[in-house]
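A.B. asks: One structure, as structure tokens, below. Some questions next.
The values are calculated or read from the model by the stated rules, or taken from the named source; none is laboratory data. All values derive from a computational prediction rather than experimental measurement. Note that each Cβ is placed from the backbone with ideal geometry, even for glycine, and that neighbours are counted across all protein chains shown.
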Amino acid sequence: MPFVDLYIDFFLLPSGDFIAKQVNYMLIFMAPMVLICSYFLSILNMRAYFSIMVFIISGSLALSYLEQINIRSFTANARAIAYYSSDHPDMTIFSSTLPYRFSSHLSKYDPKSSVSSVKYLDREAVEAAVKGGEPIYLAIDPMSFEWATEEFSLIELKSSSVLVGKYSSSSGEGLIEMMSEVLSRNESGFIKSFGEFVKRRFIPRKWELYRMEHDMLN
């Protein structure tokens, strides 16, 4: 029986050799279910099959587009901080994990850009730079700061430094940004709430640049 064969192949046999590493590990468990659903689709009549496939494909494309925007929004500030460091090579800038990684690999993303030198927000490195007497700068990305475990807390960093400025970055999706603004100005409570949700989810918040002097860190 085909259904039994699929069940045995994908649930009882090791699947690690057949399924590549995924960004989201839940996809590993979804793949066998997709194949089983494909079997049931194959035994439907053509009209029902095409109706269901149109619904699935259109929904998948929409969700994939939103996921792409979500990732671009999440990484927009990290990219902006890396470019800011590239444009200001005379500044010693520390930041959290994601901006540091973008800075380290900026030449791969954009071969035409100058060298970016964002330093990782390591406690010993920050304290050594502060004791050296030179002014150092902290680039705070509110989108990804809590994405990894950092050695400093936001409260500790902001309380020991002076705000220089707040900078906007873009996910590159003007349509979503325009839609969120239109929805947020709507008088209907539900539509306005949905617009605020879109803004929180898909529009990157401003990143902040702080200056830390030698006498500020206890």
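A.B. asks: Can you name every residue in the range 80-122 that is surrounded by 14 or more Cβ atoms within 10 Å (Cβ to Cβ) and among the hydrophobic types (A, V, I, L, M, F, W, C)?
C.D. replies: Ala80, Ile81, Ala82, Met91, Ile93, Phe94, Leu98, Phe102, Leu106, Val118, Leu121
A.B. asks: Of all residues in the range 121-152, which are hydroxyl-bearing (Ser, Thr, Tyr), farther than 18 Å from Arg205 by Cα and at pLDDT 80 or above?
C.D. replies: Tyr137
A.B. asks: Now for a different question. Could you grab me the full set of residues in the range 96-118 that are of a type in the set (Gly, Ala, Ser), part of a loop (DSSP other than H, G, I, E, B) and more than 19 Å from Ser73 (Cβ to Cβ)?
C.D. replies: Answer for the range 96-118, where residues must be of a type in the set (Gly, Ala, Ser), part of a loop (DSSP other than H, G, I, E, B) and more than 19 Å from Ser73 (Cβ to Cβ): Ser113, Ser114, Ser116, Ser117.
A.B. asks: Would you mention how many residues in the range 186-218 are among the β-branched types (Val, Ile, Thr) and either modelled with pLDDT under 75 or over 27 Å from the mean Cα position of the chain (by Cα) (or both)?
C.D. replies: 2
A.B. asks: Under 6 Å by Cβ, and 6 or more places apart or on different chains, what pairs join a residue from the range 71-87 that is in contact (Cβ under 8 Å) with a residue 12 or more places away in the chain with one that is aliphatic (A, V, I, L, M) and part of a helix (DSSP H, G or I)?
C.D. replies: Final answer for the pair search is Ala78/Leu98; Ala82/Leu106.
A.B. asks: Can you spot a residue in the range 123-130 that is at negative phi, of a type in the set (A, V, I, L, M, F, W, C), loosely packed, with under 14 Cβ neighbours inside 10 Å and not in a strand (DSSP E or B)?
C.D. replies: yes
A.B. asks: Filter the range 131-151 for residues that are β-branched (Val, Ile, Thr) and in a strand (DSSP E or B) and give the result.
C.D. replies: Ile136, Ile140
A.B. asks: Would the range 44-65 turn up any residue that is modelled with pLDDT of 80 or more, in contact with a Pro (Cβ under 7 Å, 6 or more places away or on another chain) and over 30 Å from Pro142 (Cβ atoms)?
C.D. replies: no
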